Amino acid sequence: MRKIVKGLQLLLLLGILFVFAMFQGGFVSWFLFYSMLPIILYMFVIPFYPIHNWKVERKLSERYLQTGGHIEVTITIKRKFRFPIFYLVLEEEFPESLRYQDIGKKKYQYLFEQQSYHRSRLLKKILYPGFQKEFAIHYRMEHLPRGKHQLSTINLRIGDMFGFVDTEHRFKVAQEFLVYPAIKELKWKQQSMSLEEGLMSSHIHDEKLTNVVSGVREYIPGDRFSWIDWKTTARKNTVMTKEFEQEKDSQIVVILDVAGGLSQSKQLVFEAAVEWTLSILESLRKKDQRMSFYTFGKEEVFFSYNQLRFQFPAVQNYLATVEQEQQISLAERMATPIKELSRGSVVLFVIHHLDEWLVERLSNWEKQDYLLAVCYIISEKELDAKIEQYIRSLRLKNISVQTVTEKQLMQEQWEVQASR
């Protein structure tokens with residue numbers, strides 16, 4: 001209907017000029033009519049021009065990068081025949097996942113207010129293609145936040161030189177890229193429940209401890225040939241290896257809280273928790289420390305020691321896409337015991353919310369012969385008397401608590417403290 005109305009308006013304008021020339025007569029009147037005729041005809045064609053037949057492609061300079069990085073984007077437009085295009089407006093529609101900007105460690109100075117972390121990205125550019133059949137546009141996206149981002153829609157609009165008529169079309173050009181959390185250098189401070197290299201258990205399985213088979217799992221590079229379960233392998237048509245009790249005995253267990261308790265306005269706190277967790281896992285992996293990793297949310301996600309050792313990119317992929325869940329709290333999830341967690345293990349929690357119920361759950365876990373340590377991500381302005389009371393209560397129960405604020409997050413080297 002819009003195109004029809006525009007066409008009728010142009011016909012009316014052409015008719016007015018013709019009537020004017022007929023009644024007025026003379027060179028000037030007819031010159032005005034004939035000089036405006038091709039322009040009006042061009043305007044009449046624009047609303048019906050088949051812009052939807054254009055071929056639009058998008059190329060990304062990278063598909064995998066770290067937070068705070070940048071990416072170069074090239075959009076190429078091709079058409080089959082030459083037709084004069086006075087101007088072209090190109091608009092890239094960005095997803096909600098790109099509504100943040102990551103400026104590295106400096107972003108943590110806004111841990112409390114977080115206004116600067118939000119950024120409304122907009123790309124709108126004007127081209128003057130003329131008679132060109134192929135043309136391109138380049139732009140750069142900077143300070144990319146963690147996550148899997150999908151660019152899906154490009155909007156193109158063309159019109160006449162006076163802006164009287166135009167036509168547009170939305171092209172679906174789906175393309176995604178993955179931004180991994182940044183990994184910071186970590187230092188382990190001397191502590192009573194030491195994680196120093198001299199006290200680490202060996203990653204090599206003892207023959208005397210691998211005689212109790214607890215189940216089977218898929219083959220992981222590094223497994224011994226003698227561990228293959230041939231019957232299960234033949235039945236499932238996939239190489240399966242035996243799982244022993246010792247594989248479930250992890251000296252250090254890292255648990256990331258992805259459950260509720262944090263509002264969307266505090267997204268930066270959750271980002272800090274994810275980066276802190278990944279940095280801990282990478283530091284322990286470099287030290288060849290026996291460990292495992294959990295996230296507690298609506299569903300429990302578990303990565304074994306072998307997965308952390310040989311399939312660490314899978315852990316990075318998971319932490320690049322993990323999002324906070326609001327359906328369940330960490331305290332509620334801790335009510336269910338973890339079968340893989342053996343007594344005497346060091347359990348390191350990375351949390352962003354602390355309340356009375358969670359203090360009670362942590363106290364109950366401490367009674368089960370676990371050595372607990374808590375890294376609590378919180379803005380310094382939110383450390384009120386109530387939170388301080390919760391922290392003192394945990395420390396009185398021999399649970400190590402480290403508060404991680406803007407001051408610690410903005411340091412060149414992060415430090416993990418597990419002293420009581």
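Here are the numbers for the structure shown:
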read-out	value
Cα centre as origin, Lys/Arg/Asp/Glu Cβ charges: the stretch 99-170 dipole, Debye	460
Three-way shape call for the stretch 251-340 based on the alpha-carbon gyration tensor, with the a/c threshold at 1.5	oblate
Principal-axis tilt of helix 356-366 within the chain, Cα atoms, nearest 10 degrees	40
Cα-centre dipole for the chain with unit charges at Cβ (Lys and Arg positive, Asp and Glu negative), debye to 20	1440
Environment charge of residue 112, counting only residues whose C-beta is closer than 10 Å and scoring Lys/Arg +1, Asp/Glu -1	-2
Global geometry of the stretch 2-48, whether rounded, prolate or oblate, following the gyration tensor of its Cα atoms and the 1.5 cut on a/c	oblate
Between 0 and 90°, nearest 10: helix 2-24 axis offset from the chain longest Cα axis	20
Residue (of 26, 226, 54) at the positive-pole extreme of the chain, dipole from beta-carbon charges	26
Net +/- balance of residues flanking residue 77 in space, Cβ distance below 9 Å, scoring K and R +1, D and E -1	+1
Lys/Arg +1, Asp/Glu -1 at C-beta; the chain dipole; positive extreme among 417, 317, 374	317
Karplus (6.51, -1.76, 1.60) ³J(HN,Hα), θ = phi - 60°, over the stretch 32-40, in Hz, Gly and Pro reported as x	4, 5, 6, 6, 7, 4, x, 5, 5
Over 29 Å (Cα to Cα) - which of 148/172; 148/242; 386/407; 59/80; 6/78 fall in this group	148/242
Percentage relative contact order, the chain, counting C-alpha pairs under 8 Å, at least six apart	15
Placed amide H near residue 183: partners under 5 Å, 5+ positions off or other chain	none
Residue range of the chain that is longest and free of chymotrypsin sites (Phe, Trp or Tyr not before Pro) which are both DSSP loop and sparsely packed (at most 12 other C-beta within 10 Å)	163-420
Percentage relative contact order, the stretch 325-372, counting C-alpha pairs under 8 Å, at least six apart	50
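Only the coordinates and a few stated rules stand behind these numbers; no lab work does. Only a predicted model underlies this, so the values are computations on that prediction, with no experimental measurement involved. Here Cβ is always computed from backbone atoms with ideal geometry, including for glycine, and neighbour counts include all displayed protein chains.
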